[in-house]
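Student: To start, I am sharing the structure in question, which I have written as structure tokens.
Taken together, the values in this text are just the output of simple stated rules run on the coordinates, not laboratory data. Worth saying up front: this structure is predicted, and the values here are computed from it rather than measured. Here the Cβ positions follow ideal geometry from the backbone for every residue, glycine too, while neighbour counts run over all protein chains shown.
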Amino acid sequence: MKNEKDIKKTMGNTGEFGFIDKIRESLKSKNPSVTLGIGDDAAIFKPTPGHELVFTTDMLVEGRHFDFKLITPWQLGAKTMAVNISDCAAMGAKPTVAVVSLGVPKNFPVADLEAFYDGMKSWGESFGAQIVGGDTVGSDQFVVNIAMIGEVESGRALKRSGAQVGDALFVTGTLGDSAAGLHALQNPSAKGKEITSILIKRHLTPVPRFNSGRHLATNRLATSAIDISDGLSSEVHHLCGESGVGAEVHEEGVPLSASLLHYCEENKLNPLDFALHGGEDYELLFTVPLNKISEVVQKLAGETGVACKAIGRMVPKAKGITLISKKAQRVPLESKGFDHFSKKG
């Protein structure tokens with residue numbers, strides 16, 4: 001239990017280097033590939049022979065991506081790490097090391113920052129990612145950026161650009177839960193309290209589909225992949241844009257959880273809006289050639305414990321990107337997911 005003196009410590013009276021000294025031992029690298037960790041001008045990492053390096057980075061800004069009234073420092077740390085691990089998963093890569101850059105207000109409690117690091121550390125290490133360094137600066141608001149390196153066997157990385165006309169379009173898990181969880185947090189008077197905890201958990205501590213991405217890559221089952229961070233509608237457009245194809249998405253194929261359906265029924269909301277445009281599900285959207293569909297359907301869930309479902313197919317670019325309703329009506333699928341610079345974002 002922390003005493004009163006510890007609770008009153010802020011970054012203003014502790015300082016950058018004082019805080020680094022506090023957390024350095026807990027972040028000591030256990031990865032034998034890290035030959036030099038925290039404490040020097042830069043970390044040193046020795047790649048695995050026969051592998052390519054995957055490099056990703058994500059930034060989260062207080063007031064834009066999160067609100068400390070709705071998320072704890074530990075949860076934010078875990079989620080920040082999960083966002084980057086999800087990018088590695090979408091490439092079929094194993095996360096290895098990460099560096100963390102922070103902008104922290106002067107009055108930010110040291111105890112909360114320690115909890116934030118603990119969330120990053122525990123979530124990262126559970127997927128094999130080790131924090132090996134970073135930078136901390138003063139800021140008017142809390143800002144975090146993680147840069148992460150992953151490894152994938154040479155020639156087996158999943159890319160957005162490999163989808164072919166005729167490929168089936170698949171997704172892991174269920175969609176819309178995270179957006180509904182955020183809606184529940186922002187609307188505490190919403191009905192369905194017995195199931196909101198499930199949705200809120202999906203939003204605050206998402207689980208990246210690391211095993212699914214690795215299985216698809218190592219077994220050469222997918223022609224392309226992307227993680228669903230901004231929303232299904234946006235990610236389909238990203239995938240099609242990079243691959244130079246179009247897509248048909250079947251409304252009846254979009255997987256919706258029982259919790260989402262119940263929450264939307266209770267509150268007179270459309271679950272498809274959450275699933276198509278909500279974002280932050282961190283599921284994988286991927287394409288599969290026809291001759292490998294049965295293998296994906298039969299083995300992916302068994303090998304990873306995460307279900308997957310076909311939601312459509314890739315078509316010539318000239319046919320555009322279409323949503324086919326349950327009544328077989330065809331309408332353009334507009335990209336309405338999260339956009340950092342949109343008026344609604």
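Student: With the convex hull built on the Cα atoms of the range 168-332, state its orientation-averaged projected area in nm².
Tutor: Details: hull surface 38.4 nm².
So the mean shadow area of the Cα hull is 9.6 nm².
Student: Please return the longest stretch of the chain lacking exposed loop sites, where GluC sites (Glu not before Pro) count only if DSSP places them in a loop and at most 16 other Cβ atoms lie within 10 Å. Before the final figure, lay out each step's value.
Tutor: Working: sites that count: E25, E334.
Of all site-free stretches, the longest is 26-333.
Student: In addition: Using alpha carbon centroids, what distance separates the range 256-287 and the range 311-326, in Å?
Tutor: Centre-to-centre distance over Cα atoms comes out at 20 Å.
Student: Explain nothing, just compute: Karplus ³J(HN,Hα) = 6.51 cos²θ - 1.76 cosθ + 1.60, θ = phi - 60°, for every residue of the range 155-161 in order, whole Hz, x for Gly and Pro.
Tutor: Calculated HN-Hα couplings, in order: x, 10, 5, 7, 10, 7, 9 Hz.
Student: Only bridges whose two residues both fall in the chain count here: according to DSSP, what percent of them are antiparallel, nearest 5? Walk me through the numbers before you get to the answer.
Tutor: Numbers: 43 of 57 bridges.
Bridges in the chain that DSSP calls antiparallel: roughly 75 percent.
Student: FRET efficiency for V137 and L290, Cβ-Cβ distance as r, R0 = 51 Å, nearest 0.05?
Tutor: FRET efficiency, V137 to L290: 0.50.
Student: Which FRET efficiency value, to the nearest 0.05, is calculated for S154 and H238 with the Förster distance at 30 angstrom and r the Cβ-Cβ distance? The partial results should precede the final answer.
Tutor: Details: r = 25 Å, r/R0 = 0.83.
The pair S154/H238 has a calculated efficiency of 0.75.
Student: Is the shape of the range 218-311 best called rounded, prolate or oblate, per the rule: a/c under 1.5 gives rounded, else a/b larger than b/c gives prolate, else oblate, with a ≥ b ≥ c the square roots of the Cα gyration tensor eigenvalues?
Tutor: Numbers: a/c = 2.19, a/b = 1.41, b/c = 1.55.
It is oblate, given that a/c is not under 1.5 and a/b is not larger than b/c.
Student: If you plug each phi of the range 216-230 into the Karplus form 6.51 cos²θ - 1.76 cosθ + 1.60 with θ = phi - 60°, what whole-Hz ³J(HN,Hα) values come out, in order, with x for Gly and Pro?
Tutor: Rounded to whole hertz, the list is 5, 6, 5, 9, 6, 9, 10, 8, 7, 7, 7, 8, 9, 9, 8.
Student: What full-extension length gain, to one decimal in nm, is calculated for S101 and L53 as 0.36 nm per residue of separation minus the Cα-Cα distance?
Tutor: On the way: separation 48, 0.36 × 48 = 17.28 nm, distance 2.06 nm.
Computed gain between S101 and L53 is 15.2 nm.
Student: Arrange the following residues from fewest to most other Cβ atoms within 10 Å of their Cβ: L185, L284, L204. Write down the numbers at each step before the final one.
Tutor: Working: L185 18, L284 28, L204 21.
Fewest to most other Cβ atoms nearby, the residues stand as L185, L204, L284.
Student: Indicate, rounded to the nearest 5 percent, the antiparallel portion of the DSSP beta bridges found entirely in the range 84-199. Spell out each step's value before the answer.
Tutor: Details: 9 of 17 bridges.
Antiparallel: roughly 55 percent of the beta bridges in the range 84-199.
Student: May I pose another question? Among I198, I228, I149, which comes first, second and so on when ranked by fewest other beta-carbon atoms within 10 Å?
Tutor: With the fewest neighbours first, I198, I228, I149 line up as I198, I149, I228.
Student: Same structure, new question: Direction-averaged shadow area of the convex hull around the Cα atoms of the chain, nm²?
Tutor: On the way: hull surface 76.4 nm².
The orientation-averaged projected area of the Cα hull of the chain comes to 19.1 nm².
Student: Between V297 and A111, how many nm apart are label points set 7 Å from Cα along the C-beta direction?
Tutor: 5.5 nm
Student: In nm, give the distance between the simple-model label positions of D273 and D118, each being 7 Å from the Cα along the Cα-to-Cβ direction.
Tutor: The two pseudo-label positions are separated by 3.9 nm.
Student: Here's a follow-up. Estimate the FRET efficiency between V165 and L261 by the formula 1/(1 + (r/R0)^6), using the beta-carbon distance for r and 41 Å for R0, to the nearest 0.05. It would help to have the intermediate numbers written out before the result.
Tutor: On the way: r = 33 Å, r/R0 = 0.81.
Efficiency, from the Cβ-Cβ distance: 0.80.
Student: Which value at 222 nm does the chain reach when only helices count, each DSSP H run of 4 or more adding -39,500 (n - 2.57), with the total divided by all residues and rounded to the nearest 500 deg cm²/dmol?
Tutor: That comes out to -10500 deg cm²/dmol.
Student: Only counting other Cβ atoms within 10 Å, I'd like D273, D227 sorted with the fewest neighbours first.
Tutor: D273, D227
Student: Sequence gap at least 6, Cα distance under 8 Å: using those rules, report the relative contact order of the chain to the nearest whole percent. Intermediate results must be reported in sequence, preceding the final value.
Tutor: Numbers: 764 pairs, mean separation 70.9, N = 345.
The value is 21 percent.
Student: About its Cα centre, what dipole magnitude does the chain give when the only charges are +1 on Lys and Arg Cβ and -1 on Asp and Glu Cβ, stated in debye to the nearest 20? Don't jump to the answer; show the numbers that get you there.
Tutor: Numbers: 38 positive and 40 negative charges, 108 e Å.
Value, rounded to 20: 520 debye.
Student: Given the Cα-Cα distance of A328 and K309 and 0.36 nm per residue of separation, how much length would full extension add, in nm?
Tutor: Working: separation 19, 0.36 × 19 = 6.84 nm, distance 1.91 nm.
Additional length available on full extension: 4.9 nm.
Student: To the nearest Å, what is the center-to-center distance of the range 93-138 and the range 167-237, using C-alpha atoms only?
Tutor: Between the Cα centres of the range 93-138 and the range 167-237 lies a distance of 23 Å.
Student: Distance check, please: which entries in K79/K268; K159/K309; K46/K201 exceed 26 angstrom between their Cα atoms?
Tutor: Values: K79/K268 29 Å; K159/K309 20 Å; K46/K201 36 Å.
Flagged as over cut-off: K79/K268; K46/K201.
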